[in-house]
1. From (1) out of contact with any Ser or Thr (no Cβ under 6 Å at 6 or more places or on another chain); (2) not assigned by TED's automatic domain parsing to the domain that holds residue 6, pick out the condition that doesn't hold for residue 77.
2. Residue by residue through segment 86-110, note down the ones that are out of contact with any Gly (no Cβ under 8 Å at 6 or more places or on another chain), surrounded by 15 or more Cβ atoms within 10 Å (Cβ to Cβ) and among the β-branched types (Val, Ile, Thr).
3. For residue 69, state whether it is under 30 Å from residue 122 (Cα atoms), of a type in the set (Lys, Arg) and in the same structural domain as residue 114 (by TED's automatic domain parsing).
4. Looking only at segment 21-56, which residues are over 21 Å from residue 92 (Cα atoms) and exposed (fewer than 11 other Cβ atoms within 10 Å of the Cβ)?
5. Need at least 1 residues that are closer than 25 Å to residue 2 by Cα, in contact with a helix residue (DSSP H, G or I) (Cβ under 8 Å, 6 or more places away or on another chain) and modelled with pLDDT of 85 or more per element, so show me which helices (runs of 4 or more DSSP H) inside segment 21-128 make the cut, counting only ones lying wholly within it.
6. With the condition kept exactly as written, say whether any residue in segment 91-114 is free of Cβ contacts under 8 Å to residues at least 60 places away in the same chain, over 30 Å from residue 28 (Cα atoms) and small (Gly, Ala, Ser).
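The values are calculated or read from the model by the stated rules, or taken from the named source; none is laboratory data. Just so you know, these numbers come straight off a predicted model, no measurement behind them. Cβ atoms come from the backbone with ideal geometry, glycine included; neighbour counts cover every protein chain shown.
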Amino acid sequence: MDIVKIIGIAFISVIIIIILKQYKPEFAIYASILAGILILTMSFSKLSSIIELLNNIASKTAINGEFLKILLKITGIALLTEFGISICKDSGETAIANKVDIAGKVTIIAISIPIMSGLLETVTKILP
């Protein structure tokens, strides 16, 4: 199971980071970023099968393919934003983490405008 591997990598990384903080604290953040990228890479390997499944569902139903792409982009932005926030907080930069959080939310809102406008059009068609 991949989650067991991911948790194992996380535990080993934490141990390495704790040791590095004692002897070379400036390298601890690099180890943290490297571990995070490795874990994200392992997680993203499952994404292709999820995207393929969603595309199959969209092709069999009346779901607009563009809306599906937008939802996948929003999910990716949310995941990457959370990763960036975590790195900033691990580095002790909470203020920058808060700015990354706001930027991620604004980006998600900007990208979701076509979905919101489509929803509003549907509502106005239903209502007299």
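1. Exception for residue 77: condition (1).
2. Within segment 86-110, 96, 107, 108 meet the criteria.
3. Values: under 30 Å from residue 122 (Cα atoms): yes; of a type in the set (Lys, Arg): yes; in the same structural domain as residue 114 (by TED's automatic domain parsing): yes.
Yes.
4. 41, 45, 46, 48, 49, 52, 53, 56 - these are the residues of segment 21-56 that are over 21 Å from residue 92 (Cα atoms) and exposed (fewer than 11 other Cβ atoms within 10 Å of the Cβ).
5. 25-44, 65-90
6. Within segment 91-114, the subset free of Cβ contacts under 8 Å to residues at least 60 places away in the same chain is 92-114.
Add one more test, that the residue is over 30 Å from residue 28 (Cα atoms), and what stays is 106-114.
After this cut, where a residue has to be small (Gly, Ala, Ser) as well, the list is 110, 112.
The answer is yes, given that some residue of segment 91-114 is free of Cβ contacts under 8 Å to residues at least 60 places away in the same chain, over 30 Å from residue 28 (Cα atoms) and small (Gly, Ala, Ser).
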